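These notes concern the structure reproduced below.
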Amino acid sequence: MRSVCEYVYQHAQKNPFKLCLVDSHTTVTYQEYWESIKKTATVLRKYGIKNGSIVVLESTQMIASLSLELAVQLLHGVYVPLEKNCGQKKIEEISQKTEADLVVCEQVLPLQNFVTYKQLECEIIQSSCYETDSFPELDDVSEILFSTGTTGEPKGIVLTNRNNIALAQNIIEGVEMGKDNIEIIPVPLNHSHGLRRYYGNMVNGSTVIVMNGVLDIKRFYQYLDTYQVTAVDLVPASLAVIFKLSGDKLQEYKNQLQYIQLGGAPLPEEHKKKLCFLLPHTRLYNFYGSTESGCTCILNFNEGIERPHCIGKPTVNASFITVDESGNVFPATSEKPGFLATKGPMNMKEYYQDTQGTANVLFDGYLYTNDLAYMCDDYIYLMGRKGDVINVGGSKVAPQEIEDLVLAYPGISDCACISIPDSMKGSVPKLFIVKSGSLDTTNSELMQYLMMNLESYKIPKKIQEIDSIPRTFNGKILRSKLQQLNIQ
């Protein structure tokens, strides 16, 4: 197949009555979903959407939003999803930047070529079905995802149908997805994380349940029971919410859940161990990737083998090399890590309207990163990002190593490590901690613990207690904000 929408079409022909999607309001079979896509495409054609048209959409965890996306794809258009309740200023900026042919939001906005979901829905109900005589080609641009990076301006990642199918295959093979997979996706579908898990299931012909987060924990467990859910896709922050709101209840599903996949940010060691204990027979995956390349490396951390800092093995369409500062390939080691670069059909086409930015990261088929890592026995070990790794008198310190150790200490609920200047060593680690309140942990006791478990140059010079660690929605530490806090 040449696109995700063509896969949905094929499944609608072969398994028309199989459950395809569930949201908070309704359910659709594959046949019903395909009919909805075709009707939506008919309405979009009235708005002038055709080959190459760009549609900016306020993405929601609703079937109507997903149907609209694939209808744009069916018309050979380009889909640009933005987060739900996105601010008017950002919608206007992205719409102007992409010269959007149509903007679809829940709110009413003073924009040209604008329509609300409600208006579209009324027109779709009365519409006939668009009959296509062709599907988009593999190398047609399918979407532009604007990343929400931890620093700097968001970049538009341009992706083709080939990219989307390749990354879907990476996920299907990586998690050993069965044909009868039923997966809950409670993470935003404008973000590559959730969107690509949805793609994987659509290519596979599975069932997807979309949720607007896991705060409605009662509904989450109702879905698990009602649909006999076999898989869940989470970011570490969502898992933390599930533990906080329901304790050990996940254990009741240890014989039902085949796998849980987590990504977007490192999983705290405490939560990793708890999940393994509660679900001893469930495959628990951590995956590595980016908006530019999707899931390229995956690890089942519930196999009973400890692999600190390991991000797993390359997925089916991905291959890796490690390079030095000049881009020369060399065999990196734990003592001398190199920068990861990955090759495969899942790599983005380019950055939107940014030739130089594209050239800086994408050449010779490889996507080059700032992630420092090394390979051993087919496994890849991540040491941290270039800007995060702390150079202590010539010795490299990965903040995550310190953070993992601190999170295992009683009385610490969260932490983060940054680099601060030092007159003797150039730079040294500084630790920010958030106490849980359950134990009266003193900084001196914590320091004693660190001295017993770390080499001397890795021990933080300072420990500062704060109310919370600044993070992105999916749990990535905003170290730039911690640097600002350190200066204040």
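In summary, strands (runs of 3 or more DSSP E) completely within the stretch 47-139 and bearing 1 or more residues that are hydroxyl-bearing (S, T, Y) occur at 78-82, 114-116. Scanning the stretch 114-135 for residues that are surrounded by fewer than 17 Cβ atoms within 10 Å (Cβ to Cβ) and of a type outside the set (D, E) yields T116, K118, Q119, C122, I125, Q126, S128, C129, T132, S134. So is M447 free of Cβ contacts under 8 Å to residues at least 60 places away in the same chain, out of contact with any Asp or Glu (no Cβ under 9 Å at 6 or more places or on another chain) and exposed (fewer than 14 other Cβ atoms within 10 Å of the Cβ) or not? Judged against the criteria, M447 is not a match. For the stretch 1-45, the candidate set comprises residues that are part of a helix (DSSP H, G or I) and acidic (D, E); within that set, the residue that is nearest to R196 (Cα to Cα) is E6.
Restricting to the stretch 90-111, name every residue that is touching a helix residue (DSSP H, G or I) at 6+ places or on another chain (Cβ under 7 Å) and crowded, with 19+ Cβ neighbours inside 10 Å. Residues satisfying the conditions are V103, V104, C105.
Summed over the stretch 312-340, the residues that are aliphatic (A, V, I, L, M), under 23 Å from Y285 (Cβ atoms) and touching a Gly at 6+ places or on another chain (Cβ under 9 Å) give a count of 2. Of the residues making up the stretch 313-368, those that are under 19 Å from N161 (Cα atoms), open to solvent by less than 30 Å² (accessible area, probe 1.4 Å) and either of a type in the set (A, V, I, L, M) or in a loop (DSSP other than H, G, I, E, B) (or both) are T315, A318, G344, M346, N347, M348, L367. Of all residues in the stretch 310-329, none satisfies being farther than 27 Å from V175 by Cβ and aromatic (F, W, Y).
Please tell me if G194 is modelled with pLDDT under 95, closer than 20 Å to Y227 by Cβ and open to solvent by less than 10 Å² (accessible area, probe 1.4 Å). So G194 passes the test. Close contacts from the stretch 99-110, counting a first residue that is under 9 Å from V56 (Cα atoms) and of a type outside the set (A, V, I, L, M, F, W, C) and a second that is open to solvent by less than 10 Å² (accessible area, probe 1.4 Å) and not in a loop (DSSP other than H, G, I, E, B), with Cβ to Cβ under 8 Å and a gap of 6+ residues or different chains, come to D101/V55.
Candidates are the residues of the stretch 79-89 that are open to solvent by 10 Å² or more (accessible area, probe 1.4 Å) and out of contact with any Pro (no Cβ under 9 Å at 6 or more places or on another chain); the one that is nearest to H193 (Cα to Cα) is N85.
When L189 is tested against (1) open to solvent by 10 Å² or more (accessible area, probe 1.4 Å); (2) at pLDDT below 95; (3) not aromatic (F, W, Y), only condition (1) is not met. When the strands (runs of 3 or more DSSP E) confined to the stretch 375-488 are screened for residues that are over 30 Å from P331 (Cβ atoms), those reaching at least 3 such residues are found at 412-422, 426-435, 462-465. When the residues of the stretch 377-392 are filtered to those that are open to solvent by less than 60 Å² (accessible area, probe 1.4 Å) and at pLDDT 85 or above, the one that is farthest from P308 (Cα to Cα) is V392. Screening D139 against (1) in contact with a strand residue (DSSP E or B) (Cβ under 8 Å, 6 or more places away or on another chain); (2) of a type in the set (D, E, K, R); (3) within 24 Å of S206 (Cα to Cα); (4) open to solvent by 60 Å² or more (accessible area, probe 1.4 Å) leaves a single unmet condition, (3).
The values are calculated or read from the model by the stated rules, or taken from the named source; none is laboratory data. Small disclaimer: the values here were computed from a predicted structure and weren't measured. Ideal geometry is used to build each Cβ from the backbone, glycine not excepted, and the neighbour counts take in all protein chains shown. When the accessible area is computed, the model is the full protein with side chains, heavy atoms only, and any ligands, DNA or RNA have been set aside. Shrake-Rupley method; radii C 1.70, N 1.55, O 1.52, S 1.80 Å.
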